[in-house]
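Heads up: the structure comes next, in structure tokens.
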Amino acid sequence: MANVMVYVEVRGGVSTPASRFAVGEARRVASELGATVYALVPLGPAGQDGIEALAAAVGEAGADRILCCCDPALEGPPLDARVGVWVASVAERLRPLLTLLPSGGIGAELGPPLAARTGAAFAPRAALEIVQGARASEAGEQPRPRLLLRRRRPSDGSHRVLDARELERPLVATLHVGSARPAPGQAAVEVEMLSYVGGPPCDLRELECAPDPAAEIDQASGVILVPRGTPQQVIESLRAVAPGGTAVAAADDATLLSLETACPSRLLVIADAAPEALPAAPHTRVALVSDASDATKALGVDTVWRASGAGAVAGVVQALARRGRAKEMR
Amino acid sequence: MTIAVCVEPKALGSASRAALALARGLAPGHDIVAIAAGPAGPAPALTEALRAGVGRAIHVADAALDQAEFPALGLVLAAAARRVGASLILTGTSSDQEGRGVVPAAIAHSLPALFITGIEEAAAAAESRLIVRLRAGGSRRRLELQLPALLTVARHARVVATADGKSTGSEETLTIADLGIDAACVSPRPGLVGTLERSKRRMTVAKSADELVRRWLVE
């Protein structure tokens, strides 16, 4: 039976929303393919209660089994130097058809080295598709569901499609952050504790660790980007009416750095806030508010509203508020 | 210290520019070598790197690298970095074309070297040591590391490096044989990239903010 492996990022003792979404996506495709979902949970030293709480959340998200490792070497930043060899050792054991990493910096940090170590293909910000009943592989054989990975090329918005069956090698992918969905799994799930496997010793010391003011962006299923210098009061008014799971941020340096590795399901860019590279999966819904004639060319925008200035932001706030009220009334 | 900056041969991407700027910010007193690998042909990105103040450029140009995938490019770029004695290898986080960011990991795997992505700032510390800033695990972090290392530089890294636009460095062209690599080791594996499809999505102009929001929120 095929295996699907998912890396679960833990922040402050809790699995991240992006990780739980990745487990849910693994569950969705594994159910179609008849595969088993293994969730990898690397932790620093942790108590039994903490592990059980994590396991319950990851199990509810859809994991069949949880492989957990608690070791002092896993404390601190989740870098390839600390986690990569352990993840590769689990991949060596499970031989997964597909390994999923959640949206955010963790995917860029761990995905490519895992692909290099295991000889896998790598697809960042991928969408997982199951094609039913197409292409029976041999005469007389029942057609089986096929797994396709689709990703968007940043240069021209075209799609690269990888077919797991034709590739005949493992796949490593990072995903977008989707909306929370009803939990498809069970809280009571088997947890296996694994030993830590590290790489060659490396001299790497953490000198400073401070909260990242833009940390919510790579965990958000929606992002609204407003121009640099937008008053905080305006940002708060957008936050008040934005759908759940949506981050609202000005396009300052911290936001743009976080967006480099983020991948929301919905991105709304107001006026001149557009980043050079769009953090988008193939089905990320992108809306733009701008009256610049060339603003839509590089972005792969789905919908544009020609407006600018304070009226543009105010228009979006009012429209989101009206939509929210209409939804409440329904 | 010799710093190798690995770039795409055809055109410098925005992240590669940030890597070059970060390397120049780490100089003076260090040698910077820009390296690109690909099929035979011009490498305008290296010309631009030389204009940006890099002292030396190496172009590994070989027909065997036509359609080479990331493991092969990693092998070749690692060999070139070894040849120049680089202890620090910088790249952009990902190219503007494919945007996968997988070649840097292949270089680090081939060397082997410590691999860290998304560096925002770097400063030389004591001998063979570097202090870097990055975001990881929801926090902003400052780390001290021992070289050798391969670091990828974020597109929006705050790096300040100026150049007068005059090229004073030299470009050297090598083949994979010059690096002691057999052509069989870099045979094409185009399947790793996947097939290309045109996106079917088309842009719509909304007549109002309400229409924009309705279309944006539709599942």
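Evaluate the following for B:Pro28: is it in contact (Cβ under 8 Å) with a residue 24 or more places away in the chain and surrounded by fewer than 24 Cβ atoms within 10 Å (Cβ to Cβ)?
no
The listed residues are B:Leu114, B:Leu75, and the only one of them that is modelled with pLDDT of 95 or more, of a type outside the set (Lys, Arg) and within 30 Å of A:Leu259 (Cβ to Cβ) turns out to be B:Leu114.
Looking at B:Ala106, is it under 18 Å from B:Asp31 (Cα atoms) and in contact (Cβ under 8 Å) with a residue 12 or more places away in the chain? Talk me through it step by step, then tell me what you get.
Working: under 18 Å from B:Asp31 (Cα atoms): no; in contact (Cβ under 8 Å) with a residue 12 or more places away in the chain: yes.
Against the criterion (under 18 Å from B:Asp31 (Cα atoms) and in contact (Cβ under 8 Å) with a residue 12 or more places away in the chain), B:Ala106 does not qualify.
For the structure I just gave you, tell me whether A:Ala249 is within 21 Å of the chain's Cα centre (by Cα) and either within 10 Å of another protein chain (Cβ to nearest Cβ) or part of a helix (DSSP H, G or I) (or both).
Details: within 21 Å of the chain's Cα centre (by Cα): yes; either within 10 Å of another protein chain (Cβ to nearest Cβ) or part of a helix (DSSP H, G or I) (or both): no.
No, not satisfied.
Filtered by the rule that a residue be within 17 Å of A:Pro184 (Cβ to Cβ), β-branched (Val, Ile, Thr) and within 14 Å of another protein chain (Cβ to nearest Cβ), the range A:1-33 gives a lone residue, A:Val8. Here B:Leu75, B:Leu50 are screened, and the one residue that is within 14 Å of chain A (Cβ to nearest Cβ), outside any strand (DSSP E or B), of a type outside the set (Gly, Ala, Ser) and over 29 Å from A:Leu278 (Cβ atoms) is B:Leu75. Within the set A:Leu114, A:Leu110, A:Leu149, the sole residue that is closer than 21 Å to B:Ala106 by Cβ, part of a strand (DSSP E or B) and assigned by TED's automatic domain parsing to the domain that holds A:Ala35 turns out to be A:Leu149. Sub-6 Å Cβ pairs linking a first residue in the range B:137-160 that is under 20 Å from A:Thr261 (Cα atoms) to a second residue that is aromatic (Phe, Trp, Tyr) and part of a strand (DSSP E or B), at least 6 apart or interchain, are B:Leu150/B:Phe115, ordered by first then second residue.
Kindly indicate whether A:Tyr7 is of a type in the set (Phe, Trp, Tyr), surrounded by 22 or more Cβ atoms within 10 Å (Cβ to Cβ) and within 30 Å of B:Leu145 (Cβ to Cβ).
Yes.
The residue of the range B:84-140 that is surrounded by the fewest Cβ atoms within 10 Å (Cβ to Cβ), among those that are among the hydroxyl-bearing types (Ser, Thr, Tyr) and more than 7 Å from chain A (Cβ to nearest Cβ), is B:Ser128. Across the range A:75-96, the number of residues qualifying as closer than 25 Å to A:Glu52 by Cβ, within 11 Å of another protein chain (Cβ to nearest Cβ) and part of a helix (DSSP H, G or I) comes to 2.
The values are calculated or read from the model by the stated rules, or taken from the named source; none is laboratory data. All values reported here derive from a predicted model rather than from experimental measurement. Here Cβ is always computed from backbone atoms with ideal geometry, including for glycine, and neighbour counts include all displayed protein chains.
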